1. Per residue, how much accessible area does the chain have with a 1.4 Å probe, in Å²?
2. Keeping every protein chain in place, order E215, E99 by accessible area at 1.4 Å, biggest value first, i.e. largest first.
3. Considering the alpha-carbon set of segment 98-163 alone, what are its Rg and its Dmax in angstrom?
4. Over 32 Å between Cα atoms, which of K58/K91; K23/K124; K91/K134 qualify?
5. What do you get for Rg/Rh of segment 48-164 when both radii come from the Cα atoms and Rh is the Kirkwood radius?
6. Using Cα centres only, tell me the gap between segment 193-225 and segment 9-35 in whole Å.
7. Using only the heavy atoms of the protein chains and a 1.4 Å probe, how would E103, E84, E182 rank by accessible area, largest first?
8. Would you kindly find the accessible area of V98, with a 1.4 Å probe and non-protein molecules such as ligands, DNA and RNA excluded, rounding to the nearest 10 Å²?
Amino acid sequence: MQKDQFIFDPLPQPALQVVGSEKLFPVHRIYCVGRNYADHAIEMGHDPNREPPFFFQKNPDCLVTNGRDFPYPPASNDVHFEMEMVVALGKAGAGIAVERALEHVFGYAVGLDMTRRDLQGEAKKLGRPWEVGKAFEASAPCSAIVPASRIGHPTSGAVWLTVNGTERQRGNLDQLIWDVPETISYLSTLFTLQPGDLIFTGTPAGVGAVVCGDEMHGGVEGIGEIHVRVI
């Protein structure tokens, strides 16, 4: 499409840097897996048994890239961090078999699912969607993507987060209730997945609130780290 086809200039395409490349990864959709670590399910008051996974979405323009700051959002007094491994898809598909799922993965990143917990909690009580708690501006800080061709497909490794130098979260990828191939396969029965889709795979226990001035530093072993300041 030509730029002059639009009645106003379109917003820039959300994209992430790719380690080892000058080219960017254009982001299509952001899917998030809810309660995918048993200890986090317990701390949120839910049964950790292996029920089918559920998903919610953030918008591509929710991304915070290149180590930029996280602006504390309006309408909330209880904003939480959730440290996660992020899967970046490079191949489309629907009804993907578990044993073929990793063929659709371009690479991996480190991300934060920032959550207005008070607004999410109110939505839960009223049986309403979670978007106001999950899909607000800058709610998805994310690192550059590391191609799977460089690191393979991690199945274990520490997932951790510190706030102002104090460790707040620590888990391991081998504790995922639904692993990456299973998650992709199940998600592909609900949506036609596309190149550029991101999947935030869930967070371990220890989620908590941040305030302006806090410094978040987290990572996933074998993938990378992220530094984000709350302003």
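The values are calculated or read from the model by the stated rules, or taken from the named source; none is laboratory data. Computed from a predicted model, the values in this text were never measured in an experiment. Cβ coordinates were reconstructed from backbone atoms using ideal geometry, including for glycine residues, and neighbour counts include every protein chain displayed. Areas reflect the complete protein model, heavy atoms only, side chains present, ligands, DNA and RNA absent. Shrake-Rupley method; radii C 1.70, N 1.55, O 1.52, S 1.80 Å.
1. Here the residues of the chain average 48 Å² of exposed surface.
2. Ranked from most to least accessible, the order is E99, E215.
3. Rg and Dmax of segment 98-163, Cα atoms, are 16.1, 45 Å.
4. Too far apart for the 32 Å limit: K23/K124.
5. Checking Rg against Rh, the ratio lands at 0.99.
6. When both Cα centres are located, 15 Å separates them.
7. Heavy-atom accessible area, descending, gives E103, E182, E84.
8. Its heavy atoms expose roughly 70 Å² to the probe.
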